[in-house]
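The values are calculated or read from the model by the stated rules, or taken from the named source; none is laboratory data. Note that the structure is predicted; figures quoted are calculated from it, not measured. Cβ coordinates were reconstructed from backbone atoms using ideal geometry, including for glycine residues, and neighbour counts include every protein chain displayed.
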Amino acid sequence: MAITETKLIIPNTRNEEANIEDINYSQRAQWLRAAVLGANDGLVSTASLMMGIGAVKDDARAMVLSGFAALVAGACSMAIGEFVSVYSQLDIEVAQLKREQRINEKEGGKVLDATTQEGLPNPAQAAIASALAFSMGAAIPLLAAGFIRGYKVRLMVVSIAASLALAVFGWIGAVLGRAPLVKSGLRVLLGGWVAMAVTFGIMKLFRSSGL
């Protein structure tokens, strides 16, 4: 009489949980990375504009107003651009879902229900997140110069505040992207310095030429 062996297969729930955690972490990392990039964009563009205005005028009011205008205009631009971009992506994914549903119905497969669309991108959410991230970054140099009247001190404070924030954003981006911390941080910091220096230098030439 032959003896048959029965093997009990136990599902590896740990690997499944790890995969789920990796997916969730990846999605969260993408959102955080986009937020860091938006904040970095707001910081660099606003600080550079304020430095450029500071190179032409010694007036603290003009410098602060230019920074505030950059915050509002940049946040609106980021929100609109993100909304249009994500909405285009949404249209493509919805069209793909409809094609898959028609194919499944013809083959007698499972009809896709409303829960299938839970993972679709949200244009309004993306626009709000982008605008908030940009505004947070732009607020750093704006707040740093808002209560300082001295011309040279104001420019120095804006530069220092922007540099510290750039270093932090570079570090966060490196951690999320699992990149070398020092190299990534220096890349972001040097990029911000170049943007501020170029803007300040060009506007200084306009002031020297009397335009």
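So which residues in the range 155-178 are over 17 Å from the mean Cα position of the chain (by Cα) and more than 14 Å from Met51 (Cα to Cα), if there are any at all?
Step one: filter the range 155-178 for residues over 17 Å from the mean Cα position of the chain (by Cα), giving 155-161, 163-164.
Residue satisfying the conditions is Leu164 alone.
Taking the options Lys183, Lys152, name whichever one is more than 20 Å from the chain's Cα centre (by Cα) and assigned to a helix (DSSP H, G or I).
Working: Lys183 fails: more than 20 Å from the chain's Cα centre (by Cα).
Selected residue: Lys152, the only one of Lys183, Lys152 that is more than 20 Å from the chain's Cα centre (by Cα) and assigned to a helix (DSSP H, G or I).
Of the residues Asn19, Asn104, Asn15, only one is at pLDDT 70 or above and in a helix (DSSP H, G or I); which?
On the way: Asn19 fails: at pLDDT 70 or above; Asn15 fails: at pLDDT 70 or above.
Only one candidate passes the filter, namely Asn104.
Of all residues in the range 117-135, count the ones that are surrounded by fewer than 18 Cβ atoms within 10 Å (Cβ to Cβ), assigned to a helix (DSSP H, G or I) and of a type in the set (A, V, I, L, M).
Final tally of qualifying residues: 3.
Search the range 125-151 for residues being among the small types (Gly, Ala, Ser) and closer than 18 Å to Ser48 by Cβ, and hand back the single one that is modelled with the lowest pLDDT.
Gly146
Inside the range 179-196, can you point out the residues that are among the hydrophobic types (A, V, I, L, M, F, W, C), under 19 Å from Ser48 (Cα atoms) and touching a helix residue (DSSP H, G or I) at 6+ places or on another chain (Cβ under 8 Å)? Steps first, answer last, please.
Keep residues of the range 179-196 that are among the hydrophobic types (A, V, I, L, M, F, W, C), which gives 179, 181-182, 186, 188-190, 193-196.
Those still in the list that are under 19 Å from Ser48 (Cα atoms) too: 186, 188-190, 193-196.
Those that are among the hydrophobic types (A, V, I, L, M, F, W, C), under 19 Å from Ser48 (Cα atoms) and touching a helix residue (DSSP H, G or I) at 6+ places or on another chain (Cβ under 8 Å): Leu186, Val188, Leu189, Trp193, Ala195, Met196.
What are the residues in the range 176-211 that are in contact (Cβ under 8 Å) with a residue 40 or more places away in the chain and either surrounded by 15 or more Cβ atoms within 10 Å (Cβ to Cβ) or aromatic (Phe, Trp, Tyr) (or both), if any?
Matches in the range 176-211: Leu176, Val188, Gly192, Ala195, Met196, Thr199, Phe200, Met203, Lys204, Phe206.
Please go through (1) in contact with a helix residue (DSSP H, G or I) (Cβ under 9 Å, 6 or more places away or on another chain); (2) surrounded by fewer than 14 Cβ atoms within 10 Å (Cβ to Cβ); (3) more than 20 Å from Ala60 (Cα to Cα) for Gly173 and return the number of the only condition it doesn't satisfy.
(2)
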